[in-house]
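The values are calculated or read from the model by the stated rules, or taken from the named source; none is laboratory data. What you see is a predicted model; the values in this text were computed from it and never measured. Positions of Cβ are generated from backbone atoms using ideal geometry, with glycine treated the same way; all protein chains shown enter the neighbour counts. In case anyone asks, the SASA skips ligands and DNA or RNA and just uses the protein heavy atoms, side chains included. Shrake-Rupley method; radii C 1.70, N 1.55, O 1.52, S 1.80 Å.
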Amino acid sequence: MAKYRVIVDRSICISCGAAPAACPEIFELGDDNGKNRVVARYSVHTDDSTSIGEIPEELYECAKQGADVCPVNAIKIEKIW
């Protein structure tokens, strides 16, 4: 089964809430700076400028929906294996 890395560029995020609305299983607006981040369950790294998570294949479509609705293209998804 494949695994995917989700990368949120929090430095360009505008905190619109579109990704968390589309896929709350993976994305949330952080209580640290109000910007989008990967939820704790899948997070491997989060700071003010970046949030990185690893998700199972079954959540790929959800993550893609979140990335697709981001108006500033702050979310990237890449297959890691």
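At a glance:
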{"item": "Highest-fluctuation residue, ALA19, ALA40, ALA67 considered, GNM on the chain with Cα pairs under 10 Å", "result": "ALA40"}
{"item": "Inter-probe distance in nm under a simple model that places probes 7 Å from Cα toward Cβ, at ILE80 and GLU57", "result": "1.7"}
{"item": "Å² per residue, accessible surface of the chain at 1.4 Å", "result": "54"}
{"item": "Sites ILE12 and ALA40, calculated FRET efficiency, Cβ-Cβ separation with R0 22 Å, nearest 0.05", "result": "0.50"}
{"item": "Expected 222 nm ellipticity per residue - DSSP helices of 4 or more, -39500 (n - 2.57), all of the chain, to 500", "result": "-5000 deg cm²/dmol"}
{"item": "The chain: equivalent-ellipsoid semi-axes (sqrt of 5 x gyration tensor eigenvalues, Cα, Å)", "result": "18, 13, 11"}
{"item": "Per-residue ³J(HN,Hα) for the range 41-48, Karplus 6.51 cos²θ - 1.76 cosθ + 1.60, θ = phi - 60°, Hz, x for Gly and Pro", "result": "4, 10, 6, 10, 6, 9, 9, 5"}
{"item": "Built amide H within the under 5 Å cut-off of CYS16, gap 5+", "result": "none"}
{"item": "Approximate spin-label separation ASP48-ASN73, in nm, with each point projected 7 Å along Cα-to-Cβ", "result": "2.6"}
{"item": "Rounded to 10°, Cα long-axis angle of helix 60-69 versus longest principal axis of the chain", "result": "30"}
{"item": "Nitroxide proxy distance, nm - points 7 Å out along Cα→Cβ at ALA2 and ALA21", "result": "2.8"}
{"item": "Rounded percent of accessible protein surface that carbon and sulfur make up, the range 1-48, 1.4 Å probe", "result": "50"}
